[in-house]
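Participant: Sharing a structure with you now.
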Amino acid sequence: MLTLIRCEAKMVVRDTAGLVVPIALPMLILVMNASAAGDQRVAGGRSALEVYVLPLVFAIVLSTIGIVNMPSFLAYYRHGGILRRLAVTPVSPVTVLVAQLVVSLAQALVGIALAYTVAVTAFGARPPAGTGTALAVVGLAVAAIYSLGMVVASVAPTPNSAVAIGLVSFFALGAVGGLFGGVDSLPDPLAAAASWLPFGATVEALSNAWAGTPVATDNLVGLAVTAIAGSAVAALLFRWT
């Protein structure tokens, strides 16, 4: 397993675009908005940087890696016959999935840690008022978003199609979840759906955790249902060949 994790890490590092974009894009959004947002006070005396920008950046990091990057690797392994070959060796193909999940999650944690460090050291952001709540939300968001990534990996026949499906899913969820502007500007049905869908639920739940206000039940239920349903669908549809 350790050997597979090291190999998966090398593959991720060699994929320059897949390594840089999920970290550089959220960092660019953070830096572009941090100066103005850091001086704007919102809920509980917290800054807009803490309550709005950082939750959005965290959601972008998790979504780009979990829905776009990871499925493309798994689709490549299936398309290239790697999973089929491993099936006749003592190494189960499941171990490859686990190794890729570990490396992908490590990349996401690095992206989140870098964004948080820059926000704190360069722009004076403070830790969440509810640190435990924020950590729990991130964990639930990882489960939900990565389960969707596994669904993409299950249905995509080729690596290119995995990237295409992942990007469409990312932008669709992001558009509803506040990636391109406030949710309040959306039509009422989409605004209502935002709090249930994983991207919007992650942003809203982290915003509440940072402000120290209770996390909405629909955010937690939406993330939990997505994690369970996505895992079940992925297990049902995933093809090894």
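Participant: Across region 114-167, which residue is nearest to residue 237 (Cα to Cα) among those that are without any contact (Cβ under 8 Å) to a residue 60 or more places away in the chain and open to solvent by less than 60 Å² (accessible area, probe 1.4 Å)?
Facilitator: Filtering first and then ranking leaves 164.
Participant: Could you look through region 157-184, keep only residues that are among the hydrophobic types (A, V, I, L, M, F, W, C) and modelled with pLDDT under 90, and pick out the one that is farthest from residue 30 (Cα to Cα)?
Facilitator: Ranking the qualifying residues of region 157-184, first place goes to 183.
Participant: Go through region 168-182 and report how many residues are open to solvent by less than 30 Å² (accessible area, probe 1.4 Å) and of a type outside the set (A, V, I, L, M, F, W, C).
Facilitator: Looking only at that region, the number is 3.
Participant: Which condition does residue 111 not pass, out of (1) touching a residue at least 12 places away in the same chain (Cβ under 8 Å); (2) more than 21 Å from residue 60 (Cβ to Cβ); (3) open to solvent by less than 50 Å² (accessible area, probe 1.4 Å); (4) among the small types (Gly, Ala, Ser), if it passes all the others?
Facilitator: (2) is the only condition that residue 111 fails.
Participant: So, in region 79-105, exactly how many residues are among the small types (Gly, Ala, Ser) and farther than 20 Å from residue 18 by Cα?
Facilitator: Selection size over region 79-105: 3.
Participant: Applying the selection to region 197-241, what residues are more than 22 Å from residue 128 (Cα to Cα) and aromatic (Phe, Trp, Tyr)?
Facilitator: 238, 240
Participant: Then there's this: When region 221-240 is examined, which residues are found to be assigned to a helix (DSSP H, G or I) and either within 10 Å of residue 148 (Cα to Cα) or open to solvent by 70 Å² or more (accessible area, probe 1.4 Å) (or both)?
Facilitator: Answer for region 221-240, where residues must be assigned to a helix (DSSP H, G or I) and either within 10 Å of residue 148 (Cα to Cα) or open to solvent by 70 Å² or more (accessible area, probe 1.4 Å) (or both): 225, 226, 227, 228, 229, 230, 231, 233, 234, 235, 236, 237.
Participant: What's the number of the only condition in (1) assigned to a helix (DSSP H, G or I); (2) over 23 Å from residue 72 (Cα atoms) that residue 147 fails to meet?
Facilitator: Looking at each condition in turn, residue 147 falls short on (2).
Participant: Taking the conditions exactly as written (polar (S, T, N, Q) and out of contact with any Gly (no Cβ under 9 Å at 6 or more places or on another chain)), does residue 64 satisfy them or not?
Facilitator: Here the answer is no, as residue 64 does not meet what is asked.
Participant: If we only count helices (runs of 4 or more DSSP H) wholly inside region 6-121, which ones have 1 or more residues that are within 24 Å of residue 178 (Cβ to Cβ)?
Facilitator: 16-39, 54-63, 70-79
Participant: Moving on. Mind checking which residues of region 1-45 are of a type outside the set (Val, Ile, Thr), open to solvent by 80 Å² or more (accessible area, probe 1.4 Å) and over 27 Å from residue 215 (Cα atoms)?
Facilitator: 1, 2, 6, 10, 14, 28, 32
Participant: Any chance you could count how many residues in region 183-211 are open to solvent by 50 Å² or more (accessible area, probe 1.4 Å) and not acidic (Asp, Glu)?
Facilitator: 7
Conditions tested, residue by residue: (1) among the aliphatic types (A, V, I, L, M); (2) under 19 Å from the mean Cα position of the chain (by Cα).
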{"position": "22", "(1), (2)": "no, yes"}
{"position": "33", "(1), (2)": "no, no"}
{"position": "39", "(1), (2)": "no, no"}
{"position": "57", "(1), (2)": "yes, yes"}
{"position": "62", "(1), (2)": "yes, yes"}
{"position": "71", "(1), (2)": "no, yes"}
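Participant: Could you tell me whether residue 112 is among the β-branched types (Val, Ile, Thr) and under 17 Å from residue 139 (Cα atoms)?
Facilitator: Criteria met by residue 112.
Participant: Further question on the same structure: Within region 158-183, can you find the residues that are part of a helix (DSSP H, G or I) and β-branched (Val, Ile, Thr)?
Facilitator: Within region 158-183, 163, 165, 168, 176, 183 qualify.
Participant: From the list 240, 196, exactly one residue is on the phi < 0 side of the Ramachandran plot and touching an Asp or Glu at 6+ places or on another chain (Cβ under 8 Å). Which is it?
Facilitator: It is 196.
The values are calculated or read from the model by the stated rules, or taken from the named source; none is laboratory data. Computed from a prediction, not measured in an experiment: that's the story for all the values here. Glycine gets a Cβ as well: all are built from the backbone with ideal geometry, and neighbour counts include every protein chain shown. Note: accessible area is taken over every heavy atom of the protein model, side chains too, but ligands, DNA and RNA are not part of it. Shrake-Rupley method; radii C 1.70, N 1.55, O 1.52, S 1.80 Å.
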